[in-house]
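Values in this text are rule-based calculations from the coordinates and carry no lab data. These figures come from a predicted structure and were not determined experimentally. Here the Cβ positions follow ideal geometry from the backbone for every residue, glycine too, while neighbour counts run over all protein chains shown.
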Amino acid sequence: MTGDMQAGRWKLDLDVFQAFYSDRPKEEKWELIDGTPIMMPPPSLVHQRISENLFVLLNSKLASAKPDWRASLEIGVLLPDDEKYNPEPDVTVIDRAVTLGQIYATRFYFVAEVLSPNDKAWVLKSKLGFYQAHANCLGVMIVRQDRIGAELHLRDRGWEALALANAADRIEIPGIGDIGPLGALYRDTPVFQN
C-alpha cells in the first residue's frame, strides 16, 4: 500500500485509491488528482444540462466526421503508466468500440470539464496537465456554468488557451470539426435561452 503525506495532503497510488473508492457509498463521486482523492459535489442541474448539450453536439458531429469515436458522459480515464490520476471528465471522446466489463478509458481524444463554483484552481491545473500529457488528446474544453464562456486548449495550438465568450463563437475541435456555436451548450438553461 502506497500512501504518504505531502504538502498536507495524502498521496495515494491508483490501487489504494480504487480500493478506497470501492468501499464508498455509490452516490459519492471521487477523483484521484495528483495522488489526492477529491470528493466531487453533486453537479447542479445547469452543470448537467451543459454537459448533456455538449454530449449531443459532439455525437452529432462524430457520427459523420469520426464514426469510430463517441462522446461519453462522466467516465473515468487512466493513463497506463500514471499512478496519480483517475479523473472523471464531464464529457470525454473515446473510441466507439469498448470491451465487456471495461470501466476506464485509456485512450481519449477530447475532454470537457464544466466548472463548478467550488472547483479548486490546483485541481483544474493538475487535470489540464494530465489531459495534455495524453498523446492522443487533441483538446480540452473548460466550460463556465455561471455565464456564457469557455476555454479551448488545443494541441495544434501548443495548448494555448483560446477564449470563447460570445454565444455565436464557433466550437472548432481539430480532428472533429465545428460542432456548433458556444450558445448551444447553454440551451434550456437560465444562462441563455434561445
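Do any GluC sites (Glu not before Pro) in the stretch 34-111 lie in a loop, going by DSSP, with at most 15 other beta-carbon atoms within 10 Å of their beta carbon, and if so which?
On the way: sites: 52, 74, 83; in loops: 74, 83.
Sparse-neighbourhood loop GluC sites (Glu not before Pro): 74.
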Tilt relative to the chain, helix 121-133 - C-alpha long axis, 0 to 90 degrees, to 10: 80
Under a plain spin-label model, where a point goes 7 Å from the Cα along Cα-to-Cβ, how far apart in nm are residue 23 and residue 116? 2.3
Quick one: Cα centre-to-centre distance for the stretch 147-185 and the stretch 10-72, in angstrom? 20
At a threshold of 8 angstrom on Cα-Cα distance, excluding pairs fewer than six apart, so keeping six or more, what relative contact order does the stretch 88-133 reach in percent? 40
Can you give the percent of C-alpha pairs in the chain whose distance is more than 19 Å? 60
Among the listed pairs 61/84; 66/127; 61/125; 11/127; 29/125; 29/66, which have their C-alpha atoms separated by more than 22 angstrom in this model? 61/84; 66/127; 61/125; 29/66
What's the local net charge at residue 187, with K and R +1, D and E -1, over the other residues with C-beta under 13 Å away? -1
Quick one: compute the contact order of the chain, relative version, from alpha carbon pairs under 8 angstrom and 6+ residues apart, as a percent. 17
Among 43, 67, 78, pick out the residue whose Cα is farthest towards the positive end of the charge dipole of the stretch 8-116, where Lys and Arg carry +1 and Asp and Glu carry -1 on C-beta, about the Cα centre. 67
Please give the net charge around residue 29, taking every other residue with its beta carbon less than 10 angstrom from that of residue 29, where Lys and Arg add +1 and Asp and Glu add -1. -3
